[in-house]
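The values are calculated or read from the model by the stated rules, or taken from the named source; none is laboratory data. The shown structure was predicted, so the numbers you read here are calculated from the model rather than taken from an experiment. We place every Cβ from the backbone using ideal geometry, glycine too, and count neighbours over all the protein chains shown.
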């Protein structure tokens, strides 16, 4: 796949996300935020941060509780681990499956958290491939809804998903936020 078709797909995704945030009935934004909407801010596309990764599923799959911004917890099922290299350093993230919905997610923090990106971290929705690998494209990483206002509760990345390297791809902090998770 060419970079230009990927860039076009990513640009369309970002445009749709802005429309959703400003107009959809399920947007996390308050009415005041929608009235003075500031478009989301992103890192430029970085093709080097898009991976097709094998999944190490040789891990316990018992449901676990991950903490949330409200202090409560939510149940997730560990799906596997993916390992990749960023700036010459190996990094590993645990992939979780949401019970009920079945969606795969990777909640993570990295060296940009609390600086360029939301302090509590970001989320990525990896895509399952027919060969069993996952497409992990950090250009699609997004901030959780709790960054927009305190009416939303978000899952916090577990310590095992705190990366020391910066992931300079995907969504940055929302400039029109009403709340911020402490670093």
Worksheet item: For region 56-70, what are the residues that are under 13 Å from residue 157 (Cα atoms) and out of contact with any helix residue (DSSP H, G or I) (no Cβ under 8 Å at 6 or more places or on another chain)?
Response: 64, 65, 66, 67, 68
Worksheet item: Hey, any hits in region 119-127 for a residue that's assigned to a helix (DSSP H, G or I), modelled with pLDDT of 95 or more and either in contact with a helix residue (DSSP H, G or I) (Cβ under 9 Å, 6 or more places away or on another chain) or under 17 Å from residue 92 (Cα atoms) (or both)?
Response: no
Fill in: When residues of region 128-159 are limited to those that are assigned to a helix (DSSP H, G or I) and touching a residue at least 40 places away in the same chain (Cβ under 8 Å), the one nearest to residue 69 (Cα to Cα)
146
Fill in: Failed condition for residue 170, given (1) surrounded by fewer than 21 Cβ atoms within 10 Å (Cβ to Cβ); (2) touching a residue at least 60 places away in the same chain (Cβ under 8 Å); (3) on the phi > 0 side of the Ramachandran plot
(1)
Worksheet item: Would a scan of region 97-104 turn up a residue that is touching a strand residue (DSSP E or B) at 6+ places or on another chain (Cβ under 8 Å) and crowded, with 22+ Cβ neighbours inside 10 Å?
Response: no
Discussion item. Given the condition closer than 17 Å to residue 123 by Cβ and surrounded by 14 or more Cβ atoms within 10 Å (Cβ to Cβ), answer yes or no: does some residue in region 54-63 qualify?
Written reply: no
